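Input: a single structure, listed below in structure tokens.
Taken together, the values in this text are just the output of simple stated rules run on the coordinates, not laboratory data. Only a predicted model underlies this, so the values are computations on that prediction, with no experimental measurement involved. Here the Cβ positions follow ideal geometry from the backbone for every residue, glycine too, while neighbour counts run over all protein chains shown.
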Amino acid sequence: MFKFWIITTTLLFSIFAFGQDTLSSKEFRVLRQQMAKDDIKALKNSILLVQLKTKQNTIDAYLKRGNTKKAEKIKKLMEQDNKNIIKGFKEYFTFCPVYFYYSTDMKKVKNKQLSDVHFLDDSLNVKKINVNFDSTNYYLANIGTSDYRNTTLNNIPNFKIKYNNYVDFEALLIKNKDFQQLSAPFPYYAKTHEKIKVSDVKRWETIKKMNTRLHNFYNSNR
């Protein structure tokens, strides 16, 4: 990871060292490509932490209103969907090792308190993982819409070029450990659905698509 960061930092320095405060379109394209190459090589040698939704706030709201039946239905559907996602990654994702955690632990992940995160097994039970996060790099994945205000393009000093990095549909998204969405040409998303009830086949197709795109991009940039 360190050598990839050096490459991008050197490229940034060469652009801005002589007082240039904005990028030309060509410089922007070159820098984006280098950032994507750095990330795909780094991800290959990292682990991917996948966030699973619980819809706990929705469940709690129904429980508060006394609608136990609806709350239980949503809980069961989310459990089934999360098991489908885990199974899909286990069977169809080979790019790098993957671990799973609930969205209720997102704050701990953001604060990089990974030793306090409850990682999950195939049955959604908490399990201990043998990972030293002091020496292991990691990326993040979740299902949702993109946040164009927080992407790796924000790491470019004085970034002013108009560029659409927004995904306005539900997708499996990949982010770095700082929760910054990765940027094209890195294959940072694969379209999917956020509906509570989604067929296992649709989930698996999304995961297979992401896996294929990552392998293809990695092989074309080795």
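Using a Förster distance of 30 Å, how high is the FRET efficiency between Glu91 and Lys70, based on the Cβ-Cβ distance and rounded to 0.05?
In this case the efficiency is close to 0.40.
The stretch 29-219: Rg/Rh from Cα coordinates, Kirkwood Rh?
On the Cα set of the stretch 29-219, Rg over Rh gives 0.98.
If the chain between Ser24 and His193 were fully stretched, how many nm would it gain, using 0.36 nm times the residue separation less the Cα-Cα distance?
Fully extending the segment from Ser24 to His193 adds 57.2 nm.
Would you mind checking Lys69/Lys107; Lys41/Lys83; Lys73/Lys202; Lys53/Lys87; Lys87/Lys110 for any pair whose Cα atoms are more than 23 angstrom apart? Walk me through the intermediate numbers first.
On the way: Lys69/Lys107 29 Å; Lys41/Lys83 29 Å; Lys73/Lys202 21 Å; Lys53/Lys87 15 Å; Lys87/Lys110 25 Å.
Flagged as over cut-off: Lys69/Lys107; Lys41/Lys83; Lys87/Lys110.
Can you give the extra length, in nm with one decimal, that the chain gains between Gln113 and Asn125 once fully stretched, where that is 0.36 nm per residue apart less the Cα-Cα distance?
2.4 nm
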